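The values are calculated or read from the model by the stated rules, or taken from the named source; none is laboratory data. Here the structure is a predicted model, which means the values were calculated and not measured. A quick note on method: Cβ atoms are made from the backbone with ideal geometry, for glycine too, and the neighbour counts reach across all protein chains shown.
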Amino acid sequence: MNEEQRKQQAQIRSEEANIERIKNTSSEELIAKYFHAEYEPQAPDIKKARKRRKEDIQFHYDFSIPEDMQRIGEGKKFLIRTYGCQMNEHDTEVMAGILSEMGYESTNVTEEADIILLNTCAIRENAENKVFGEIGHLKPLKLEKPDLIIGVCGCMSQEESVVDRILKKHQHIDLIFGTHNIHRLPHLVKEALFGKEMIVEVWSKEGDIIENLPKVRKGKIKAWVNIMYGCDKFCTYCIVPMTRGKERSRHPQDIIQEVRHLVAQGYQEVTLLGQNVNAYGKDFEDIEYGLGDLMDDIHKIDIPRVRFTTSHPRDFDDRLIEVLAQGGNLLDHIHLPVQSGSSEILKKMNRKYTREEYLELVRKIRKAMPNATLTTDIIVGFPNETEEQFEETMTLMEEVGFEAAYTYIYSPREGTPAARKKDDVPEEVKKQRLYRLNELVNKQSAETMKTYQGEVVKVLVEGESKKDPDVLAGYTERNKLVNFKGPKSVIGQIVEVEITDTKTWSLNGVMAENRVEVK
Ligand code: SAM
Ligand code: SF4
């Protein structure tokens, strides 16, 4: 046995001893031991979470990688697997930025990685099942490569039941951290590298706003910009207010500076991000400044396209509509989740608007922006949803004329009020409702697409199509995917494309100046 093999054997023995020790300790003891001492460990508990702490959120501009961690990753690679929404995608960009500053390089090959992070989503049960599946798949690799660090982060880590399950059943995980302490990654990696125990640091209290975190953005054409964090809406089905903490807005000057910086780097499009962007600024005590004001300021910046997501109908105010109606770089595609067409279900969901109020908002938006594209999110099979209530969702879908919708079957989330309700709707009925709704969504999308036949649209070219490298793909202002043939030199530019063929979810066309047809 050579020196290297001896070291590996010793490491495996120490791993096994660690696993044995964890197995013999109760999960309560482990949770008490591992949760960050100054933050009380807590399960998602709607009552506790509603009692948001009074302390002000502090802003920090002094993030730096400790000197001893700046080169720790040299010659090593990291891989981050991202589940869920744009917020998670963007958090991944931040973690990639931090790890890169520590000297790590990114890889897509699992076997090559020295650190693997699973940035998880808790919004529905099947999202969680996928992550547990992946955790299981990674076990043989960890046994083969004991120095590999496997971390679980993102929304699932904020759930005590998840942490408990990992501690009990997946001792090959080295590190668990939450959504509020991403900036602690260098310290956590250090502890995981040099310590022998599983590191669990999950803050139940929401974190401060850390402004100067490094980022490695996924592309060079479109960028996400967080404008706020957390959510205070407490829809009765939703885990987000517990996993992401209370609403807290970034200062406008920091957002504007970030957008200007992106312009200087050549980005063509920004999407302003938040769980409930319409509540932006409501937490400011010293200034009156909301999403409308922010959009108005960003409207003046020389960036071709500005989007925002996600809107909550309740806080969508007249000032925002008035600003959006100016057009220009503010695109008139509005994603406005309705969740249900039934006022009774909306009340049970705690959405704080009725079907009629939602329709009134749609009327106002259409009056100011007659060509606005509206898309939405819908949940079917909320506990005890009747056939009539579901039909109201179908009629609302038609009445608004949504051009696309993300549709979901209700998934009970532990700790939310809806999950405690008895539910008399059989799973089969819920599946049928989802199927019927999706048929309607597809029909409406296909009909909208047909109206583009022969039209010339502006496409921001993102790159080669996923299906055919000879075809280019990009999105219109209204977020329609367009495939067309053209020179690779137009990638990153906005070009005019004449639509020659329409499908349910995409358009084919020819470049107005360079007429090469897509088959
Ligand atoms: N904040 C946004 C909003 O209010 O619409 C989006 C939050 S969430 C990441 C995206 C979507 O997931 C929601 O709009 C909702 O349709 C869906 N969702 C949230 N909780 C769910 C649950 N328990 N079961 C099924 N779908 C859910
Ligand atoms: Fe969840 Fe969105 Fe409701 Fe907030 S507003 S609780 S993120 S669905």
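For the reader, a short list of remarks on this structure follows.
- Applying the criterion of being free of Cβ contacts under 8 Å to residues at least 40 places away in the same chain and in a helix (DSSP H, G or I) to the residues of segment 363-380, the residue that is nearest to residue 236 (Cα to Cα) is 363.
- Residue selected from segment 228-254 under the condition among the basic types (Lys, Arg), out of contact with any Ser or Thr (no Cβ under 7 Å at 6 or more places or on another chain) and closer than 12 Å to residue 276 by Cα, by the criterion farthest from ligand 2 (Cβ to nearest atom): 248
- Among the residues making up segment 270-281, those that are modelled with pLDDT of 95 or more and either part of a loop (DSSP other than H, G, I, E, B) or surrounded by fewer than 21 Cβ atoms within 10 Å (Cβ to Cβ) (or both) are 271, 274, 280, 281.
- Test: residue 266 is crowded, with 18+ Cβ neighbours inside 10 Å and more than 16 Å from ligand 1 (Cβ to nearest atom): no
- One residue from 333, 312 being away from ligand 1 (no atom under 12 Å from the Cβ) and in contact (Cβ under 8 Å) with a residue 40 or more places away in the chain: 333
- Answer from 385, 360, 344 - the residue that is away from ligand 2 (no atom under 16 Å from the Cβ), closer than 24 Å to residue 126 by Cα, without any contact (Cβ under 8 Å) to a residue 60 or more places away in the chain and among the acidic types (Asp, Glu): 385
- Only listed residue being at pLDDT below 95, in contact with a helix residue (DSSP H, G or I) (Cβ under 9 Å, 6 or more places away or on another chain) and more than 16 Å from ligand 2 (Cβ to nearest atom), chosen from 95, 102, 69: 69
- Check on residue 307, in a strand (DSSP E or B) and more than 15 Å from ligand 2 (Cβ to nearest atom): yes
- Checking every residue in segment 381-388 against the condition of being assigned to a helix (DSSP H, G or I) and over 30 Å from residue 263 (Cα atoms) gives at least one match.
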